[in-house]
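Student: First the structure, then my questions, so here it is.
Quick note: the coordinates plus some simple rules give every number you see, no bench work behind them. The structure presented is a predicted model; accordingly, all values stated were derived computationally and were not measured. Here Cβ is always computed from backbone atoms with ideal geometry, including for glycine, and neighbour counts include all displayed protein chains.
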Amino acid sequence: MSTTIIHQPSESEFEQVKKYARQFNLDDENMERSQFKVLLSDNKLAAFGRLKVHKDAIELCTLGVVEEFRGKKLGEALVRDFINQINQDLYLVTVIPTFFSKMGFKEVKEYPASIKEKTEMCGTKHHVDEVYVVMKHSS
């Protein structure tokens, strides 16, 4: 049985996070270590994500799971940890809505201006074949 730990990344863990964020084509704008949490599995970086606090919303973003750890529900554990951390509405922009709907996120058509800006940035800087959707987890 593996041991998992969730915490704010050390400097060296954050360097790994930055590398994976770019490799996975995730939002790597203005990344600050204090925004992130990492999930370690047996002392290896397995998953990471961050909360971006905007003036009008809190956004869960830059969520990634290292390939060798995928399919083990570690990303889900990290998302649930973020949900439990805040008691406000939480937004995200994603191409995998079914993953987040399992944790209570719902697709929304109306959302704060900062999240609209994110969808526009994703559509240009992080172009993918899938459609980006905005989801919200209500507190």
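Student: Using θ = phi - 60° and the Karplus form 6.51 cos²θ - 1.76 cosθ + 1.60, what ³J(HN,Hα) does each residue of segment 30-38 get, whole Hz, x for Gly and Pro?
Tutor: For segment 30-38, the Karplus curve yields 6, 6, 10, 4, 5, 7, 9, 10, 10 Hz.
Student: Which listed residue (F24, F105, L51) has the Cα farthest towards the positive end of the charge dipole for segment 4-139, taking +1 on Lys and Arg C-beta and -1 on Asp and Glu C-beta about the Cα centre?
Tutor: Comparing the listed Cα positions along the dipole, F105 ranks first.
Student: Now for a different question. Using a Förster radius of 22 Å, what is the FRET efficiency between E110 and Q88 based on their Cβ-Cβ separation? Nearest 0.05, please.
Tutor: Working from the Cβ atoms, E equals 0.85.
Student: For segment 4-137, just the Cα atoms, rotate onto the principal axes and tell me the three extents in Å, largest first.
Tutor: Per principal axis, max minus min of the Cα coordinates gives 40, 28, 28 Å.
Student: Once phi is turned into θ = phi - 60°, what whole-Hz ³J(HN,Hα) does the Karplus curve with 6.51, -1.76 and 1.60 give for every residue of segment 87-92, x standing for Gly and Pro?
Tutor: Working through the residues one at a time gives 10, 9, 4, 10, 10, 7 Hz.
Student: Kindly state, to the nearest 0.05, the FRET efficiency for K73 paired with K125, given R0 = 25 Å and r defined as their beta-carbon distance.
Tutor: It comes to 0.30.
Student: Which angle from 0 to 90°, rounded to the nearest 10, does the C-alpha axis of helix 11-23 make with the longest principal axis of the chain?
Tutor: Long axis of 11-23 versus the principal axis of the chain: about 50 degrees.
Student: If the cut-off is a Cα-Cα distance under 16 Å, which lysines reach K72, setting aside same-chain residues fewer than 8 apart in sequence?
Tutor: Filter leaves K44, K102.
Student: Something else now. Counting Lys and Arg as +1 and Asp and Glu as -1, each charge on the Cβ, what is the dipole of segment 43-139 about the Cα centre in debye, to the nearest 20? Numbers along the way, then the final one.
Tutor: Details: 15 positive and 13 negative charges, 49 e Å.
Here segment 43-139 has a charge dipole of around 240 debye.
Student: While we're here: Can you tell me which lysines have their Cα less than 23 Å from the Cα of K116? Leave out same-chain residues fewer than eight positions away.
Tutor: K52, K55, K106, K125, K136
Student: Which value at 222 nm does the chain reach when only helices count, each DSSP H run of 4 or more adding -39,500 (n - 2.57), with the total divided by all residues and rounded to the nearest 500 deg cm²/dmol?
Tutor: That calculation yields -9500 deg cm²/dmol at 222 nm.
Student: What does the charge count near K52 come to, summing +1 for each Lys or Arg and -1 for each Asp or Glu among other residues with Cβ under 10 Å from its Cβ?
Tutor: Net charge in that neighbourhood comes out at -2.
Student: If amide hydrogens are placed 1.01 Å from N in the peptide plane, which non-local residues have theirs closer than 5 Å to the one on L39?
Tutor: Under 5 Å from the amide H of L39: A46, A47, F48.
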